[in-house]
Every structure is written in C-alpha cells, then in structure tokens.
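Working notes, structure below.
Only the coordinates and a few stated rules stand behind these numbers; no lab work does. All values derive from a computational prediction rather than experimental measurement. Quick reminder, even Gly has a Cβ in these numbers, built from the backbone with ideal geometry, and neighbours come from all protein chains shown.
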Amino acid sequence: QDVMGLEVKAQPPRPRWFELHVQPCLAELLGSALFIFIGCLAVLDEPGGTGRLQPALAHGLALAVTVTVLGDI
C-alpha cells in the first residue's frame with residue numbers, strides 16, 4: 001500500500017489469546033499425562049528378564065510420540 005508517498009508493510013496477524021496461553025497448557029497437560037500413564041503401565045507388567053529396559057523404552061517411546069505430535073505448538 002502507498003499512503004501519502006510512504007510505503008506501508010502489512011503486519012502479520014497477532015496470535016490469539018488461545019494460541020498463546022491455552023494451547024501450550026493443554027499440550028503440556030496431555031504430554032505429561034501420556035508420559036506418566038505409559039510409564040506406569042510399563043512398570044505394572046514385568047515379564048521376566050526385561051528389568052529396567054521395558055520402562056525406559058516405554059518412556060522413550062511416549063516422549064518421542066508426544067514431541068512428534070505436539071511439536072508444532
């Protein structure tokens with residue numbers, strides 16, 4: 001646009017309140033709940049011989065899925 005001989009650049013739209021405050025909180029809540037839930041389930045059923053490997057892999061997989069799904073937020 002040209003206003004009185006000056007060039008004015010369009011400003012990008014500001015993020016809404018929901019995107020700034022609510023969305024990150026919901027992502028944190030969902031990620032933490034998934035992380036804790038998967039970790040607790042991994043510890044409940046311990047087939048012989050897995051030891052600490054099963055909970056570690058379960059937590060790692062839960063973290064990888066959470067970051068992949070909610071990484072854009």
Inset, instruction - List, in order, the whole-Hz ³J(HN,Hα) value for each residue of the range 62-72 obtained from phi through the Karplus relation with A = 6.51, B = -1.76, C = 1.60 and θ = phi - 60°; use x for Gly and Pro. - result: 4, 5, 5, 5, 5, 5, 5, 6, 9, x, 6
Inset, instruction - Report the calculated FRET efficiency for V43 and W17 (r = Cβ-Cβ distance, R0 = 35 Å), to the nearest 0.05. - result: 0.35
Inset, instruction - Once you have the Cα-Cα distance between A10 and I36, take 0.36 nm times their residue separation minus that, and quote the gain in nm to one decimal. - result: 4.9 nm
Inset, instruction - Determine, for each peptide in 15-24, 31-40, the mean count of other beta carbons within 10 angstrom over its residues, then list the peptides with the highest first. - result: 31-40, 15-24
